[in-house]
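Below: the structure, in structure tokens.
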Amino acid sequence: MAFYLPLVQLHFKQIKIRDTLTSLWSGCGSIVQCQLDDKACVIKAIKVPSYIRHPKIKQSAFALKRKQDSYRVEYHFYKLHSLHLPIYAQSIECINAINKDDEYVLVFKDFTKHGFAQAGHQHIKAILNWLAHFHAFNLNKPTDGLWQQGNYWHLSTRPDEFNKLKERADKKSDIKNVAHKIDEQLQSCAYKTLIHGDAKLANFAVNERGKILGYDFQYIGAGSGVSDVMYFMTSCFSDKQLHECADEYLVYYFDNLKAAITTYHPKAPADKIANDWLFLWPAAWADFYRFLAGWSPQHQKMNSYMLKQVNNWLASNIE
């Protein structure tokens, strides 16, 4: 019997398990289509193994706990936060979030049965609008049950990758030497929001009317919105496209952000928030570069646009 069935049986009477859609990262569970009390559902069944096998991550107690905590955070997001999101920044609908010890079962409505499909490159602006509303709505929101610092690559959550970084003789171009300063700059931002933390193109669904739904909230927590925007752009633009149109899409995001802040928080200084976050654009890229350089130094995302932003940050912050 699958480990998640006893938990599901506590909440649903009629259970028909159908196809397994995919396995979770490194054997942490599976995503399964099913019929629960005559409703088309998808179960995300989670149980982190005691040993994680991954080609680029060395097993350590720290890495194992990070993965365990990520699913605990996702459980709390769907349990406590997802129902309160605004119409323009909703997540996929979670019918039930179940937990027992180190096992989690998230039961979702099957969005494919309600006119939604995986979002694609033609939906970039719609997703940037979703991010703008998500960030504006969650401005200064408490992080109850979530990460105190959002995203999966920030410095304090990646000591193994930091230790792998090679130091350069020229301290002015040494990312390891300035990693803490980059992190401090991002954390000292006066205006924080909840960021998705893994806002890649693959984590959004869309329907024919262009409505966007987000999912996979394992790394949601406090941060500035540009971290999500930066990471989103890495998931859908080539190096050439970043040079050609990143500025245009960044303007689009900030225009929508300021309008959304005015809607949800009329007294908040929308222009100042936008300017503060825009100032952090090079820092967000430099922070992600630091992670990639320690995790996978040959990664395709380490392109000339990213290096341009890293150099912009270094030129502005290192004497």
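General remarks:
- Distance from the stretch 261-314 to the stretch 60-135 (C-alpha centre basis), Å: 23
- Set against the 2.2 N^0.38 Å expectation for a compact globular protein, the stretch 83-212 has a Cα radius of gyration ratio of 1.33.
- When restricted to Cα atoms, the stretch 202-318 yields an Rg and a Dmax of 15.5, 48 Å, respectively.
- GNM remark for the chain: springs join alpha carbons under 10 Å apart, and the peak mean-square fluctuation among CYS245, CYS189, CYS41 falls on CYS245.
- Along the stretch 118-126 the Karplus relation, 6.51 cos²θ - 1.76 cosθ + 1.60 evaluated at θ = phi - 60°, assigns HN-Hα couplings of 4, 5, x, 4, 6, 10, 4, 5, 5 Hz to successive residues, with x for each Gly and Pro.
- Given the chain, longest segment not containing exposed loop trypsin sites (Lys or Arg not before Pro) (DSSP; at most 13 other Cβ within 10 Å): 59-165
- Distant-in-sequence amide contacts of LEU21, defined by a placed amide H-H separation under 5 Å and a gap of 5 or more residues or a different chain, comprise ILE31, VAL32, GLN33.
- Projecting the Cα atoms of ILE195, ILE182, TYR215 onto the charge dipole of the stretch 134-215, computed from C-beta unit charges around the Cα centre, puts ILE182 farthest toward the positive end.
- Mean separation of Cα contacts under 8 Å (6+ apart) over length of the chain, as relative contact order %: 18
- Zero-based 10 Å bins, Cα pair distances in the stretch 124-275, whole percents: 10, 35, 37, 15, 3, 0
- Percent accessible area from carbon and sulfur atoms, the chain, protein chains only, probe 1.4 Å: 50
- Most fluctuating residue given options PHE12, PHE137, PHE162, as computed from a GNM of the chain linking Cα atoms under 10 Å: PHE12
- The stretch 160-298: relative contact order in percent, alpha carbon pairs under 8 Å with at least 6 residues between: 32
- Alpha-carbon Debye profile of the chain, log10 I(q)/I(0) at 0.07, 0.10 Å⁻¹: -0.29, -0.59
- Hydrodynamic radius by Kirkwood, which averages 1/r over all alpha carbon pairs of the stretch 75-120, in angstrom: 11.9
- Dipole axis of the chain (+1 Lys, Arg; -1 Asp, Glu on Cβ), positive-most option in SER91, THR262, PRO6: PRO6
- Most mobile of ILE182, ILE87, ILE220 in a GNM of the chain (Cα contacts under 10 Å): ILE87
- A 1.4 Å probe run over the chain, with the rest of the protein chains in place, finds 47 Å² accessible per residue.
- All-pairs Cα distance distribution in the stretch 52-148, expressed in whole percent, bin size 10 Å: 13, 33, 35, 18, 0
The values are calculated or read from the model by the stated rules, or taken from the named source; none is laboratory data. Values in this document were obtained by computation on a predicted structure and should not be read as measured data. We place every Cβ from the backbone using ideal geometry, glycine too, and count neighbours over all the protein chains shown. These accessible areas exclude ligands, DNA and RNA; they are computed on the full protein's heavy atoms, side chains included. Shrake-Rupley method; radii C 1.70, N 1.55, O 1.52, S 1.80 Å.
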